Amino acid sequence: MLARGETVIQLMEQLAPKHYAVPDDRIGLQIGSLRKEIRKALVTLDVTPAVVEEAVRIGAELILAHHAPLYRPLKHLQTDTPEGALMASLIKNDIAVYVAHTNLDTADGGMNDWMAEALGLEGRGVLEEVHTDKLFKLAVFVPISHQDAVRDAMFQAGAGWIGNYSRCSFNIEGTGTFLPSEGTNPYLGKPGKLERAAEVRIETVVPHSVHRKVIQAMLKAHPYEEVAYDLYPMDLKGRTFGLGRVGVLPQPETLDAFAERVKSAFDVPFVRIVGDGSRSIRKVAVLGGSGSRYIRHAKFAGADVLVTGDIDYHTAHDADAMGLAIVDPGHNAEKIMKPKTAQWLEERLREKGYATEVIASCINTEPFKLR
């Protein structure tokens, strides 16, 4: 069984929810239609003519990209221009393009976590906050006989986390009353007769990002035809998601040695370095993509070094003056997302019983070469 395009994207957005993106980012479906079965999906960092040729060659109906092919506004779509020819090729071959950019950067277990893991960073935190998950309190009234089943269903759907403690709830026993009307099919009692039932009020914490999933799981596990429950917002801060990561190396090492670690981790032929190569490095900030505007975030976080791409000349001087080392592996270091995204998505499709293949692009989209 093949997954439809809408299903593939629903799964992709479990990894990288759209509301995690920074404002005005160009994400989502950009070209084509998802209303079709997908035999093969191709994961790429950039959508270039060579990548489109690869998609055609392998028979992919969907490209999942990190960088948007439609990023700058187009005033026209002339097919004799590079941009127009690219769009024409995608449309002619009925290949849809979906973009997950800063939402994948921000996601827990996404781009910046993959980069931090590749560097071996421990005790990671967020470099810049983008989104905080709002918290809700869910209270539901359950017959005593079904309290364990309902609690477990809610916990498995993502409820009950307070910090690093899971399956947190508060439970109060009491008596519920209800009068089933004619035409109802009550689990307890009979229509037209007031019923008193021994029930438990279960209260638990639910993050906004999973509250619909938790409610659906609760309703499915609950035996009542009509379920009494309350959901109300809490004035408490939930989990924070953001761009970049800050962590520490298992052991200090020199900046020169750390630069070699970066080259190996991101499979790049060279890096640019700002700072004394003999200085000791322990605390590291890493941010995929262009990180010039994050040097002060890294310094404020106490990082010895910032690993990011596209550092310009004047920013390098500013970082050096403030005592922050920089290792710049280039923007293309984000290619780490290709195999990681493909593996994550294909595993979810297999769990759902779909035969759709997800393939990491083999095309190197690095535009720079050394001489």
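Bear in mind these aren't lab numbers, they're just calculated from the coordinates by the rules spelled out. Model, not experiment: these values are computed from the prediction. Ideal geometry is used to build each Cβ from the backbone, glycine not excepted, and the neighbour counts take in all protein chains shown.
Overview of values
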| read-out | value |
| --- | --- |
| Along principal axes, Cα extents of the range 132-240, largest first, whole Å | 50, 23, 23 |
| Under the Karplus curve 6.51 cos²θ - 1.76 cosθ + 1.60, θ = phi - 60°, whole-Hz ³J(HN,Hα) for the range 46-54, x wherever Gly or Pro sits | 10, 9, 10, x, 5, 5, 5, 4, 4 |
| Per-pair calculated FRET efficiency, R0 = 45 Å: Ser264 and Asp235 via Cβ, rounded to 0.05 | 0.45 |
| Over the chain, relative contact order from alpha-carbon pairs under 8 Å, at least 6 apart, % | 21 |
| Residues Tyr294, Tyr20, Tyr354 arranged by fewest to most Cβ contacts within 10 Å | Tyr354, Tyr294, Tyr20 |
| Packing-based exposure ordering (other Cβ within 10 Å, fewest first) of Asp235, Asp152 | Asp235, Asp152 |
| Helix 147-156 axis, angle to the chain major axis (alpha carbon atoms, nearest 10°) | 10 |
| Globularity index of the chain, i.e. its alpha-carbon radius of gyration over 2.2 N^0.38 Å | 1.22 |
| Ellipticity estimate at 222 nm from DSSP helix runs (n ≥ 4, -39,500 (n - 2.57)) divided over the chain, nearest 500 | -8500 deg cm²/dmol |
| Span from the the range 1-65 Cα centroid across to the the range 98-112 one, whole angstrom | 13 |
| Other-chain or far-sequence residues with amide H under 5 Å of Leu42's (modelled H) | Leu62, Ile63, Leu64, Ile359 |
| Theoretical gain in end-to-end length, Ser290 to Glu351 [0.36 nm per residue, Cα-Cα removed] | 18.4 nm |
| Least to most buried among His331, His76 (fewest other Cβ within 10 Å first) | His76, His331 |
| The chain - share of DSSP beta bridges that are antiparallel (%, nearest 5) | 70 |
| Backbone N within the range 196-210 under 17 Å of label point (7 Å from Ile144 Cα along the Cβ vector) | 196-202 |
| Sequence-distant residues sharing a close amide H with Val130 (under 5 Å, placed H) | Phe241, Gly242, Leu243 |
| Per-selection metrics, the range 57-173 (Cα): Rg and Dmax in Å | 23.2, 73 |
| Derived scalar couplings ³J(HN,Hα) [the range 107-113; Karplus, 6.51 cos²θ - 1.76 cosθ + 1.60; whole Hz; x for Gly, Pro] | 4, 5, x, x, 3, 6, 5 |
| FRET E, pair Thr254, Val22, Förster distance 25 Å, beta-carbon r, rounded to 0.05 | 0.15 |
| Mean shadow area of the range 236-307 over all directions, Cα convex hull, nm² | 5.9 |
| Sequence-separation-based contact order of the range 261-371, relative, with Cα cut under 8 Å and 6+ spacing, percent | 26 |
